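Please find one structure pasted underneath; my questions will follow.
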Amino acid sequence: MPVTVVIGGQWGDEGKGKIVDLLSEEVDVVARYQGGANAGHTICWEDETFVLHLVPSGIFHQGTTCVIGNGVVIDPAAVLEEIRMITELGYEVEGRLFISHNAHLIMPYHKKLDQARERYRDADAIGTTGRGIGPAYMDKFARSGIRVVDLLDRDALRRKIESAMEEKNAILRSVYGADELDVEAIIEEYVEFDRFIDPYVTDTTAYLNEALKDGKRVLAEGAQGSLLDVDFGTYPYVTSSHPTVGGCCTGLGVPPTAIDRVIGIVKAYCTRVGNGPFPTELEDATGQRLRDVGHEYGATTGRPRRCGWLDLVALRYTAMVNGFTDLAITKLDVLTGLDELKVATHYGYDDKETSRFPSETQTLDRVEPLYETLDGWHDDITGVDRFDDLPDAARRYLRFITDAAGVDISLISTGPKRDQTIAGDEARVRVMG
Ligand code: IMP
């Protein structure tokens, strides 16, 4: 049975948490393939809100098992805290959560270096979450990272941490003028961590491929969004991993031939946190309105998100890179009350018009979005669960997205809760001709 991949089609925060939570009902395994505790997936149900950073949201469905793949960088404190919270809510975690033995660990020096480097870059800062993501992936590719499997051998673990910290403390001290970290305290913390994490660690690649062979259905969950991909995003204002579809294969060890559905999660408008180009950004009252109505504040850092109109140039690009088979449109209800809605269909650049998304920042910084203006709607659509019950203007807006992106819509979210959703045939908006 094949793999469905869920991918953010913008700059992250598209509302993947809710969609993964919904789709988890229909699958046997939910697997996270990249990123770390920089992500925050918010799930609202039964009047409660949960934010998960590492554990896939499928954990709230008793019949589903969850995997944190080798492509994820794991902050031990964050994962243990999440396991504690989920257990306290009455869910069984042991036997249902599997962590890759090959996943890299985020060490305290990664966080410290991330924050120190951002201060050092000053005006050129990326605006990272400060969770140590970049430095952890740097160590992975420099082949000096520490992996979950290294926790098994305490002497080797001690040697690796000592050797890494000699270098990191020197950098912290002499390059960034920051305080050094205590080697013994870190060794003690990670040895202790091993005691707790042990029951969850396994060869998740073997587990997933075995599951696929047994006909199980797997949902692969990307974190962040395609435009934050280190290769395909707005470099250097990106994260350090691959949220795009290739990240699913390298971050889990499942073959591309096992993937038969790639769902792009697309917010009905755009947001981004951190620095970097954002052609359709609105730094006016409409932008503030989207922020207020959409509660656009970071789930991980609490930072206000930058808000703007939907960018179809960017969406066509992420649809191309990922091969989206269908789209889930989220937060449509947030647009209610606006007289008119703009959507960027092209960019103007050097007196020319282009429909190409230039992922090089130099060009993207200089493009002017060219908008099509569509009618807005005023009827409250919160909780609408039938396409035909949406106002005409909302239906036209969705059809416009489908046609411009060249991808069908298969799910529409009209509120944060599970049942505030148009799904199945009800939601199918098909590309015309
Ligand atoms: P890092 O991933 O913490 O290194 O941050 C790099 C960039 O990715 C920054 O602009 C962050 O704001 C952004 N970023 C990281 N994680 C998320 C996320 O889950 N949602 C949205 N933006 C994110």
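The values are calculated or read from the model by the stated rules, or taken from the named source; none is laboratory data. Computed from a predicted model, the values in this text were never measured in an experiment. Cβ atoms come from the backbone with ideal geometry, glycine included; neighbour counts cover every protein chain shown. Each accessible area value is taken on the protein alone, full model and side chains, heavy atoms only, with ligands, DNA and RNA left out. Shrake-Rupley method; radii C 1.70, N 1.55, O 1.52, S 1.80 Å.
Most fluctuating residue of N38, N102, N275 in a GNM of the chain with Cα springs under 10 Å: which is it?
Looking only at N38, N102, N275, the largest GNM fluctuation is found for N275.
Moving on. Based on Cα coordinates alone, diagonalise the gyration tensor for the stretch 260-416, multiply each eigenvalue by 5, take square roots, and list the semi-axes in whole Å, largest first. Walk me through the numbers before you get to the answer.
On the way: eigenvalues 110, 72, 52 Å².
After scaling each eigenvalue by five and taking roots: 23, 19, 16 Å.
The chain: D in µm²/s via Stokes-Einstein (Kirkwood Rh, Cα pairs, 25 °C, 0.890 mPa s)?
So the translational diffusion coefficient is about 110 µm²/s.
Relative to 2.2 N^0.38 Å, what does the C-alpha radius of gyration of the stretch 10-121 come to as a ratio? Two decimals please.
Taking the Cα Rg and dividing by 2.2 N^0.38 Å, one obtains 1.11.
Please give the solvent-accessible surface of E189 in Å², to the nearest 10, using a probe radius of 1.4 Å with every protein chain present.
Approximately 90 Å² of E189 is accessible to the 1.4 Å probe.
Just for the chain, what percent of DSSP beta bridges are antiparallel, to the closest 5?
40 percent
Over the Cα atoms of the stretch 325-433, Rg to Rh with Kirkwood Rh, two decimal places?
On the way: Rg = 15.6 Å, Rh = 15.1 Å.
My calculation of the ratio gives 1.03.
Moving on. Helix-only mean residue ellipticity at 222 nm, the chain, DSSP H runs n ≥ 4 weighted -39,500 (n - 2.57), per residue, nearest 500. What is it?
Theoretical 222 nm ellipticity from helices: -9500 deg cm²/dmol.
Please report the antiparallel percentage of DSSP beta bridges with both residues in the stretch 5-140, rounded to the nearest 5.
Working: 5 of 15 bridges.
The answer is about 35 percent antiparallel.
Quick one: how many lysine pairs in the chain have C-alpha atoms under 18 angstrom apart, if they're 8 or more apart or on different chains?
Lysine pairs meeting the criterion: 19.
Could you check the simple spin-label distance between E88 and E184, using points 7 Å along Cα→Cβ, in nm with one decimal?
3.2 nm
If N is the number of residues in the stretch 104-197, what value comes out of its Cα radius of gyration divided by 2.2 N^0.38 Å?
1.09
Ignoring any ligand, DNA or RNA, what whole percent of the accessible area of the chain comes from carbon and sulfur when the probe is 1.4 angstrom?
The value for the chain is 47 percent carbon and sulfur by accessible area.
Right, next: List the residues, sorted by chain then number, that are 5 or more residues from F98 or on another chain and whose placed amide H is less than 5 Å from its amide H.
Residues meeting the criterion, in which the H sits 1.01 Å from N, are C66, V67, I68.
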